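J.: Sharing a structure with you now.
The values are calculated or read from the model by the stated rules, or taken from the named source; none is laboratory data. Note that the coordinates shown come from a computational prediction; the quantities given were computed from them, not determined experimentally. Neighbour counts are summed over all protein chains in view; Cβ atoms, including those assigned to glycine, are modelled from backbone coordinates with ideal geometry. Side chains are part of the model used for accessible areas, which takes the heavy atoms of the whole protein and leaves out ligands, DNA and RNA. Shrake-Rupley method; radii C 1.70, N 1.55, O 1.52, S 1.80 Å.
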Amino acid sequence: MTDEIEAGRAQFGSEDVERVATESLYQGFFSLERRRLRHRLFEGGWSDIVTREVHVRRDAVGVLLYDVERDHVVLVEQVRAGALNDPVSPWKLEPVAGLVEPGESPAEVARREAVEEAGCSIDELIELYRYYPSPGACDEQVTLYCGLVDSEGVGGVHGLAEEHEDILVHVLPFARAWELLQTGRLDNAMCLIAFLWLSRERASLRARR
């Protein structure tokens, strides 16, 4: 098992899971399924039938907008239904983000959402990671980017009225944004992952000017 990991391979694949049954529990903007499955065991043989509820949704894209010349980042703030019980605020500071529509590539989503949510066009798009935010309960995958931009004149309130978006744009010096991250104000996965990448690569990006 350790040798498989060191070689970058997975010990098991999709053929090692048997989908016994799938039941649709809810269909809306997102969907909820009850999945019954059995899978191979590390010590050999097969598991008993396991039942899990899975949140089924479209894949998502996030893009941290960064102005290399000014060393500024562009973040968006909006109320989040999943954070209504947050002890500080349900309004969250985040990278620009959106869901992948049929026929769109993740890169197209990144550029579209930058305009819709921040009024900002991306000069260069750098793909960072593709990951599952919560694979134990959701099938969504996120493609995360850094978008190099000119932040001059960027700001204000944006978003699509038909999607009930009310999005405030913030342009912050990297040092200030990093302070917010360290104090827990930037508390979502996209922010944490993208800022850790940018903190490592920022010097090399700025050296390209």
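J.: Find the residue count for segment 63-105, including only residues that are open to solvent by 40 Å² or more (accessible area, probe 1.4 Å), not in a strand (DSSP E or B) and not hydrophobic (A, V, I, L, M, F, W, C).
T.: Total meeting the criteria: 12.
J.: Looking at this structure, is residue 9 under 19 Å from residue 154 (Cα atoms) and assigned to a loop (DSSP other than H, G, I, E, B)?
T.: Numbers: under 19 Å from residue 154 (Cα atoms): no; assigned to a loop (DSSP other than H, G, I, E, B): yes.
For residue 9, the condition - under 19 Å from residue 154 (Cα atoms) and assigned to a loop (DSSP other than H, G, I, E, B) - is not met.
J.: Another question, then. Mind checking which residues of segment 106-127 are open to solvent by 40 Å² or more (accessible area, probe 1.4 Å) and part of a loop (DSSP other than H, G, I, E, B)?
T.: 119, 121, 123
J.: If we keep just the residues of segment 31-41 that are under 30 Å from residue 163 (Cβ atoms) and not hydrophobic (A, V, I, L, M, F, W, C), which is nearest to the chain's Cα centre (by Cα)?
T.: As a first pass, look at segment 31-41 and keep what is under 30 Å from residue 163 (Cβ atoms): 31-35.
Adding the requirement that they be not hydrophobic (A, V, I, L, M, F, W, C) leaves 31, 33-35.
Numbers: 31: 19, 33: 22, 34: 24, 35: 24 Å.
It comes out as 31.
J.: Which is in contact (Cβ under 8 Å) with a residue 40 or more places away in the chain, in contact with a Phe, Trp or Tyr (Cβ under 8 Å, 6 or more places away or on another chain) and not polar (S, T, N, Q), of 120, 146? Lay out the reasoning, then the answer.
T.: Numbers: 120 fails: in contact with a Phe, Trp or Tyr (Cβ under 8 Å, 6 or more places away or on another chain).
Matching residue, one of 120, 146: 146.
J.: Which of (1) more than 26 Å from residue 129 (Cα to Cα); (2) open to solvent by 60 Å² or more (accessible area, probe 1.4 Å); (3) free of Cβ contacts under 8 Å to residues at least 24 places away in the same chain; (4) out of contact with any Ser or Thr (no Cβ under 9 Å at 6 or more places or on another chain) does residue 10 not meet, given it meets every other one?
T.: (1)
J.: While we're on this one: Identify, from the list 44, 28, the residue that is exposed (fewer than 14 other Cβ atoms within 10 Å of the Cβ), within 27 Å of the chain's Cα centre (by Cα) and among the small types (Gly, Ala, Ser).
T.: Numbers: 44 fails: within 27 Å of the chain's Cα centre (by Cα).
None of the other options fit; the residue is 28.
J.: Specify which of the listed residues (186, 205) is among the aliphatic types (A, V, I, L, M), touching a residue at least 60 places away in the same chain (Cβ under 8 Å), farther than 20 Å from residue 82 by Cβ and touching a Leu at 6+ places or on another chain (Cβ under 8 Å). Can you show your working first?
T.: Details: 186 fails: farther than 20 Å from residue 82 by Cβ.
Checking each option against the conditions leaves just 205.
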